[in-house]
1. Would you mind counting up the charge near residue 135? Only other residues with Cβ under 13 Å from its Cβ, with Lys and Arg at +1 and Asp and Glu at -1.
2. Using the Karplus curve 6.51 cos²θ - 1.76 cosθ + 1.60 with θ = phi - 60°, work out ³J(HN,Hα) for each residue of segment 62-77 in order, rounded to whole Hz, and write x for Gly and Pro.
3. Taking amide H atoms as placed 1.01 Å from N in the peptide plane, list the residues 5 or more away in sequence, or in a different chain, whose amide H sits under 5 Å from that of residue 73.
4. Between residue 13 and residue 77, what is the spin-label point distance in nm, taking each point 7 Å from the Cα along the Cα→C-beta axis?
5. Could you sort the peptides 59-72, 146-159 by per-residue average Cβ neighbour count (10 Å cutoff), highest mean leading?
6. Hey, can you rank 129-136, 84-91, 99-106 by average C-beta count inside 10 Å, highest first?
7. Which whole-Hz couplings ³J(HN,Hα) result when phi for each residue of segment 146-159 is put into the Karplus expression 6.51 cos²θ - 1.76 cosθ + 1.60, θ = phi - 60°, listed in order with x for Gly and Pro?
8. Suppose R0 equals 25 Å. What FRET efficiency, 1/(1 + (r/R0)^6) with r the Cβ-Cβ distance, do residue 93 and residue 166 give to the nearest 0.05?
Amino acid sequence: MKISEEVLLSLVDDARFASCGGNKQEIRYITVADEVNTAKVFSSLKWAQYFAPWQPSTDESPSAYIIMAKKDGNPGIDEGLAAEIITLSAAEKGIGCCLLMNADRSKIASDLDIDPEYKITLVIALGYPSEKVKITPFAGDVKYYRDSDDIHCVPKRSLEDVVIARR
Ligand SMILES: Cc1cc2nc3c(=O)[nH]c(=O)nc-3n(C[C@H](O)[C@H](O)[C@H](O)COP(=O)(O)O)c2cc1C
């Protein structure tokens, strides 16, 4: 299922309100909806390290991407905050997202003919999810896994585990 450029722009329109250090607003965005270009981006990504060497098939590949770029090329908290807005806003539209750092960022920049003044900091893949995902309690291993019903399970630490002090 395709995701229109209009939808991608609406997500960026939400993200541009994200809090950022010094209100500098240094992040720039590249939307990728065109089929030829989504295929180019897909070829530069590495997926799901805990399922290696498995990689998604072309049929399962994302419909679109929102890519962040910045002059200094160093991803930081600002990218994280903007990315969370994009993923939450996309979820509201039934769209799933995956943030990717394991990407050949210079190849993507070259394939998409991005102004060399900007360096890619983060890739967000978007698509309508084809598989179910379930949060499971952390039981000693952070690795996501597929259960016997082929559901993608993501272990999360408990509240007691993550709060280290109550003063
Ligand atoms: C900063 C960051 C970088 C990530 N990089 C990749 C990546 O390169 N490839 C990938 O398949 N997933 C990547 N992920 C997705 C994580 O593996 C995923 O968020 C994690 O397993 C938790 O699952 P959840 O997002 O469903 O809670 C990344 C996530 C974050 C936040």
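Just so you know, all these numbers are worked out from the coordinates, no wet-lab data involved. It should be emphasised that the depicted structure is a prediction, and the values quoted were computed from it without experimental measurement. In this analysis, Cβ positions are derived from the backbone assuming ideal geometry, glycine residues included, and neighbour counts consider all displayed protein chains.
1. Here the charged neighbours net out to +3.
2. After applying 6.51 cos²θ - 1.76 cosθ + 1.60, I find x, 7, 7, 9, 10, 10, 9, 9, 8, 4, 7, x, 9, x, x, 4 Hz.
3. It is 119, by chain and number.
4. Output for this residue pair reads 2.9 nm.
5. Taking the mean over residues of other Cβ atoms within 10 Å, the ranking is 59-72, 146-159.
6. Listed from highest to lowest mean packing, they are 84-91, 99-106, 129-136.
7. With coefficients 6.51, -1.76 and 1.60, one gets 10, 7, 5, 8, 6, 8, 6, 10, 10, x, 10, 5, 6, 4 Hz.
8. The computed FRET efficiency comes out at 0.10.
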